[in-house]
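Below is one structure, written out as structure tokens, with a few remarks after it.
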Amino acid sequence: MELSKPEQRLILSHVWKCSFAKDAQSPQITMKKNTISPAMPFVLTEVVSLKPWMKAWKVQAFDELLQFDTSTLAKDNQDLYREVTSYTWSELNDATRDALEHRHGFLGNEHVSGDNGQSVPTRRSDLALRRLADNIRKKALEIVSKQAFVEYFMSDNFAIKRVEWKTKIDAIKKAKTPPPPPVVVGVPAPTPPTQHSTHAADVATAVASAASSMASSMAASGFTSSVTVAVASVSSTRAAKSPAPPIVHQPIVHELDDDEPMETPVSSTPAPVAPVAPVAPVAPVAPVVPVAPVAPVAPVAPVAPVAPVAPVAPVAPVAPVAPAAPVADSIMSEQLLKQHFSQTTAWSSNGVGPDKLQATRLTIQGFEFYAKFRATASAKTSGKRDTYCTIAKDSRAYNWCTAARLPVQKKSERTLRSNKDIQRFWAKLVESGIDLNKIQ
């Protein structure tokens, strides 16, 4: 949901009142606005410095205006955090200086004494900003006016940048959100037969065998008999989940002929010996077949994990000898600098800590890549690790900068703090037109 202009102005007024109003100052200077006017007193009202600006970021004062959360921005993407904070401040600072020139009339150049004692022409607006900053004991790059502050956040330029930043923040949040667990559609395993069902099946089989052998023995004795036996079905017994009903044995009825003696049925008594047939259940010896599970000897295949001998491959970390590659990097490039910067960022998680606040990972052709562990009490930096690439003096990189007329006298001028800094630095080298391969 886009904010309307009145809503933006209301938020800006609230942020200024809560975060900057008590620190705002109105420094006064005396200097001429153009070449023909006399030097006159000038006051720039409601000037604020960089420190309150960073405090406002730490309490997420701008989140409502930006329409995204900045509480974890410094941890998630340091380049984006610096773009939203440092580069935005730089634009506000430039807008303040331009206002002095175009709105308040500080036109033309002033001649001031340079480091070598010679007179150097300086923009009058730059000089006015510098003198205003001196009056409140700040650097010229560390002050902005409320007028520039309001105009920037109400501008179309900020509206475009805010959309770009929000898109990047949404992408970061999406990447951090874990994917939903996969839905596993399974087939329920068949219920193994219970001990009761197995026992009932064996009893049914034994009864069937006994009845069959009894009938055959009586037939062999020459008797006419009808045998009725109730035998439970094996399959129905297995399918039944409740206990099998008791087996009811019907009485055996012998039908005798009129001329047959009464004693003959006694001779049929040996037939019940046939129930020896239940020895047939010895067939369950067949379950000896489960010897087949010897097949699980196949898991001997897991001997394959001997393959972890492959971890000898970690000898590959000899590859880190690759840092010797920088020797082959006689042709330095922007991409190579960014690569080493990213590798240093990853290395910093173990390279520095509370017991080692700063350490250098690599120095190549004058570019020194190092990391710092922040031990300050600041809520944004305490416990965090920052990566830097600085240009060492009397090195090949330093000579490149000197030949390209880039400022490198101060350490802050020759320190690169992000991939965007590296990109801008390399663009200046290319624009200078110097031949890097000819400078040692």
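Taken together, the values in this text are just the output of simple stated rules run on the coordinates, not laboratory data. As the structure is a prediction and not an experimental result, all values here were calculated from the model. Here the Cβ is made from the backbone with ideal geometry for all residues, glycine too, and neighbour counts use every protein chain on show.
One table, with the values for the structure above:
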item	result
Packing-based order for 104-113, 37-46, 339-348, 172-181, using average beta carbon neighbours within 10 Å, highest first	339-348, 104-113, 37-46, 172-181
Neighbour cut-off at most 11 other Cβ (10 Å), DSSP loop, trypsin sites (Lys or Arg not before Pro), region 27-104	R103
Relative contact order computed over region 6-165 (Cα-Cα under 8 Å; 6+ residues apart), in percent	26 percent
Cα-based shape type of region 1-47, given that a ≥ b ≥ c are square roots of the gyration tensor eigenvalues and the cut on a/c is 1.5	oblate
Average Cα contact separation per residue, region 325-438, under 8 Å, 6 or more apart, as relative contact order %	22 percent
Region 77-175, relative contact order [Cα under 8 Å, separation at least 6], %	25 percent
Cα lying deepest toward the dipole's positive end in region 5-175, options M40, M154, L100, charges on Cβ	M40
Where the Cα pairs of region 344-440 fall when distances are cut into 10 Å bins, in %	16, 42, 28, 13, 2
Listed pairs K55/K410; K384/K410; K5/K410; K58/K146; K146/K176 exceeding 31 Å between Cα atoms	K5/K410; K146/K176
Calculated FRET efficiency for the pair L65/L107, C-beta based, R₀ 30 Å, to 0.05	0.35
Extension gain, V183 back to R137 (0.36 nm per residue minus Cα-Cα distance, nm)	10.2 nm
Shape of region 5-175, Cα gyration tensor, a/c cut at 1.5	prolate
Placed amide H near L362: partners under 5 Å, 5+ positions off or other chain	F369
Sequence-distant residues sharing a close amide H with V120 (under 5 Å, placed H)	V112, S113, G114
Estimated dipole of region 54-191 in Debye, rounded to 20 [Cβ of Lys and Arg +1, of Asp and Glu -1, Cα centre]	340 debye
